[in-house]
Amino acid sequence: MCCTDAYDLPKVSPQTPSTTTTTTTPPPPTVDSYYQQRYDVHREHQNYLDAEDRLENRHKSRINHVINDWNILEDRYQGLRVTDVKKAEDFKHEVTLRYEPLFLIELKLPLLTR
């Protein structure tokens with residue numbers, strides 16, 4: 001499974017006129033159990049730290065998944081570049097368009113102006 005499937009990013013395709021427009025709404029983000037449990041005076045700080053650890057682990061997992069997918073696509077690009085340079089550049093452009101928003105969201109970088 002490609003990481004973009006997990007993030008519900010739109011597939012990039014060449015600009016072709018379309019007669020129908022379909023919009024999909026991404027599923028709501030999963031709420032951590034910290035926000036669903038009752039307040040416990042004696043364990044509040046520990047519950048918060050546990051939730052913070054879960055969030056950090058989830059973030060690291062998502063980043064690792066994106067990096068692994070990116071490396072696979074980079075290897076595919078390098079192989080394609082040997083056989084057909086034009087297709088390789090088109091592939092690179094498409095992959096960049098798909099992954100750039102994801103990197104900007106995950107790394108919380110400002111959008112670059114071009």
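FYI, it's all coordinate maths here, none of it is from the lab. Since this is a predicted model, take the numbers as computed values, not measurements. Don't worry about glycine lacking a Cβ; one is built from the backbone with ideal geometry, like all the others, and counts go over all protein chains shown.
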### Query
Given 0.36 nm per residue, what is the gain on full extension from Ser61 to Asn47 after removing their alpha carbon distance, in nm?
2.9 nm
### Query
In which sequence would His42, His65, His59 go, from the one with the fewest C-beta neighbours within 10 Å to the one with the most?
His42, His59, His65
### Query
Trp70 to Tyr35: FRET efficiency via 1/(1 + (r/R0)^6), r the Cβ-Cβ distance, R0 30 Å, to the nearest 0.05?
0.40
### Task
Order by neighbour count: Tyr39, Tyr34, fewest other Cβ atoms within 10 Å first, most last.
Tyr39, Tyr34
### Query
At q = 0.14, 0.21 Å⁻¹, what base-10 log of I(q)/I(0) does the Debye formula yield for the range 43-107 when every alpha carbon is treated as an equal point scatterer in vacuo?
-0.55, -0.86
## Note on the structure
Here the range 95-102 yields Karplus 3J(HN,Hα) values (6.51, -1.76, 1.60; θ = phi - 60°; whole Hz; Gly and Pro given as x) of 5, 4, 5, 6, 8, 4, x, 5
